[in-house]
Amino acid sequence: MNIYNFLKSLGIAEPSGSGWLAVVFTFLLACVVTWHLIPRVRKFALRVGWADQPNARRLNKEPLPNAGGLAIYAGVIAAMVLASLLRPIEVQHVLAQVLTILLGGSVLVLVGFIDDQYGLPPSVRMLIQILTALLLVANGIRIQVIFGTPIDYIMSILLTVFWVVAITNAINLMDGMDGLVGGVGFITSLSLLAVSAQFPNRAAATLVLAALGGAALGFLRHNYHPSHIIMGDAGAYFFGYVLAATSILGKLQVTTVFALVPPVLFLLLPVLDTTQVVVRRLMAGKNPMSTPGKDHLHHRLLAWGLSQRHAALILWSITLVCNLLAMRIQGMSFVVMLTTSIGIILLLSFTVWQRVRAV
């Protein structure tokens, strides 16, 4: 794909440029809304006691407001509503996909928020995650298994549910250090957006990812070390669910196991982090879902003497490399990959600079 086709896929090469404007407007609005809403949410959370106490998984030394996910969610919803007014979603199945993803994400925001403030049994959280995954399947967002067997459809449902639930929890479990999930979520959102923009049947993913990427950047402005607020389970569940859903949007077809490589690569860091934690705990005879511990990848980097800022930068870099590799496997051109990389690096650098300067 040459540069003209790349720009055209975003609407830039069209006379009206409305497609490009919708994507950029969605991203910027989500960023601005989240950026400016966080201080207000933080102030209210401190007043009513919505905060995480220091524990074995988190690194904060004092209570830290955990309602950042509400601002992220508000930023995404506000951007999607206004962007749809700017460029109405006219294709019925695309609108249905957008609403399905946002509905499932809304349910998990509520569940995560209740869990943050009052606590919910793991079985309840898992049941609701499975139901929201089935909501995607019911609306045609699923991994299509095509092995030519009578149970292909059943395998498709099971694989989709497993993927959505696994990624949702992997993102949540990884959220234990300032700036980590915000940065990983931003990089992955922009990378998936660059891919989805190349395909007309992924218009829903493009809009949702633009909003999620903008909200991640706005949140990161307040969450890079030393953070003023964390996203909590509400935000982590929302990030994980939306990234899992959009990574398979566009009718991902599995004819061999290798077809799953690209979506796994986009989210390789949370997948590896959760996998190594589960394996280590099982080998030690512990329940993998038991009390939190300091056995995640970022904890190991910190144990080696790195600061939270340096550890976050290293893990962001690994995420970017994995996403570029996934993009290449999916046939993205060098121009698309280079443009995406430069955009990600510049936006992250500006946000980090803003945060460090404000300290």
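The values are calculated or read from the model by the stated rules, or taken from the named source; none is laboratory data. As the structure is a prediction and not an experimental result, all values here were calculated from the model. We place every Cβ from the backbone using ideal geometry, glycine too, and count neighbours over all the protein chains shown.
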Exercise. Any idea which residue in the range 100-153 is farthest from Asp175 (Cα to Cα), counting only those that are under 19 Å from the mean Cα position of the chain (by Cα) and among the hydroxyl-bearing types (Ser, Thr, Tyr)?
Worked result: Thr100
Exercise. Restricting attention to the range 187-226, which residues are polar (S, T, N, Q), under 18 Å from Ala22 (Cα atoms) and either in contact with an Asp or Glu (Cβ under 8 Å, 6 or more places away or on another chain) or not in a helix (DSSP H, G or I) (or both)?
Worked result: Gln198
Exercise. Can you find a residue in the range 219-242 that is under 19 Å from Gly105 (Cα atoms), over 9 Å from the mean Cα position of the chain (by Cα) and among the hydroxyl-bearing types (Ser, Thr, Tyr)?
Worked result: no
Problem set entry | Residue satisfying all of: in the range 236-260; closer than 14 Å to Gln97 by Cα and not hydroxyl-bearing (Ser, Thr, Tyr); modelled with the lowest pLDDT among these | Lys251
Exercise. Within the range 94-113, is there a residue that is in a loop (DSSP other than H, G, I, E, B) and over 16 Å from Val208 (Cα atoms)?
Worked result: no
Exercise. Mind checking which pairs have a first residue in the range 322-340 that is more than 15 Å from Val184 (Cβ to Cβ) and a second that is part of a loop (DSSP other than H, G, I, E, B), Cβ under 7 Å, 6 or more apart or different chains?
Worked result: Ser333/Met1; Val336/Met1
Exercise. Within the bounds of the range 133-140, is there any residue that is surrounded by 15 or more Cβ atoms within 10 Å (Cβ to Cβ) and not in a helix (DSSP H, G or I)?
Worked result: yes
Exercise. Only one of (1) modelled with pLDDT of 90 or more; (2) more than 28 Å from Ile38 (Cα to Cα) fails for Tyr118. Which number is that?
Worked result: (2)
Problem set entry | Test: Thr319 is closer than 24 Å to Gly176 by Cβ, β-branched (Val, Ile, Thr) and crowded, with 20+ Cβ neighbours inside 10 Å | yes
Seminar exercise, completed: Among Leu306, Leu347, the single one that is part of a helix (DSSP H, G or I) and either at negative phi or in contact (Cβ under 8 Å) with a residue 12 or more places away in the chain (or both) is Leu347
